[in-house]
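Below is one structure; the comments refer to it alone.
Read-outs throughout are calculated quantities, based only on the coordinates presented, and are distinct from any laboratory measurement. Bear in mind that the values here come from a model prediction, so they are computed numbers and not experimental data. Ideal geometry is used to build each Cβ from the backbone, glycine not excepted, and the neighbour counts take in all protein chains shown.
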Amino acid sequence: MSDDVEFSPADWVRDQTKKILETGTTEGIDILGSPIVLLTLRGAKTGKLRYTPVMRVEHGGSYAVVASKGGAPEHPTWYHNIKAHPEFSLQDGTVTKTYVAREVDGAERAAWWERAVAAYPPYAEYQEKTDRQIPVFVLDPK
Ligand SMILES: C[C@H](OP(=O)(O)OC[C@@H](O)[C@@H](O)[C@@H](O)Cn1c2nc(=O)[nH]c(=O)c-2cc2ccc(O)cc21)C(=O)N[C@@H](CCC(=O)N[C@@H](CCC(=O)O)C(=O)O)C(=O)O
């Protein structure tokens with residue numbers, strides 16, 4: 001019996017997720033012209049599977065996932081989901097693979113932060129907006 005996967009309670013996020021599932025690809029679905037990828041994360045407390053779209057930041061077969069939440073003072077809830085269950089699937093285009101996430105800091109974080117801002121410039125404004133350091137996870141193929 002396959003786990004049913006929960007959608008975001010946020011309408012605009014749910015709508016983009018449903019479009020990816022209906023069309024079978026993340027192609028053509030974007031935020032301000034920047035592409036997105038679809039994570040399927042397991043809840044840290046409930047264990048439920050949850051669709052979580054994020055911006056696409058890819059380099060050499062690995063991805064960065066940026067827990068920005070628009071520069072809000074607190075991390076997105078899904079930050080805790082990745083910390084608790086770091087192995088999960090990522091869909092990019094029509095391809096879905098399993099990755100293992102690790103939170104990065106120092107020079108590695110700086111290199112990925114640069115790639116993230118290049119892929120989606122508003123990340124720089126989000127970091128200006130909050131004094132929490134926006135977490136960056138690197139996802140390596142399993
Ligand atoms: C509102 C809350 O959202 P959140 O997890 O804080 O995440 C907020 C947003 O970051 C999330 O909606 C992202 O998908 C928004 N988002 C991006 N968010 C980002 O932070 N970064 C991005 O790059 C990003 C890109 C993006 C692209 C397209 C799109 O449609 C959305 C995008 C939420 O979904 N809550 C659910 C799930 C809560 C949950 O995960 N519960 C866990 C427990 C977690 C815990 O331990 O506290 C569980 O089930 O166990 C609920 O209340 O039912």
Residues located in the stretch 78-128, provided they are within 15 Å of the ligand (Cβ to nearest atom), among the β-branched types (V, I, T) and touching a residue at least 24 places away in the same chain (Cβ under 8 Å): I82
Among the residues in the stretch 20-35, are any assigned to a strand (DSSP E or B), within 25 Å of A111 (Cα to Cα) and among the hydrophobic types (A, V, I, L, M, F, W, C)? yes
Would you check if T94 is of a type in the set (S, T, N, Q) and under 23 Å from S8 (Cα atoms)? yes
Select from the stretch 42-54 the residues that are of a type outside the set (S, T, N, Q), under 20 Å from T98 (Cβ atoms) and near the ligand (Cβ under 7 Å from one of its atoms) and list them in ascending order. G43, A44, G47, K48, R50, P53, V54
So the check is Cβ under 9 Å with 6+ separation or different chains; which pairs have a first residue in the stretch 61-76 that's hydroxyl-bearing (S, T, Y) and a second one that's part of a helix (DSSP H, G or I)? S62/W112; S68/A116; S68/P122; S68/Y123; S68/Y126; S68/Q127
Only one residue in T17, T40, T26 is in contact with a helix residue (DSSP H, G or I) (Cβ under 6 Å, 6 or more places away or on another chain) and surrounded by 15 or more Cβ atoms within 10 Å (Cβ to Cβ). Which one? T26
Taking the stretch 1-19 and keeping residues part of a helix (DSSP H, G or I) and out of contact with any Leu (no Cβ under 9 Å at 6 or more places or on another chain) leaves D11, W12, V13, R14, D15, K18, K19
Counting just the residues of the stretch 57-77 that are within 9 Å of the ligand (Cβ to nearest atom) and among the charged types (D, E, K, R), which one comes out surrounded by the most Cβ atoms within 10 Å (Cβ to Cβ)? K69
Go through the stretch 83-110 and give me each residue that's more than 21 Å from T26 (Cα to Cα) and among the β-branched types (V, I, T). V104
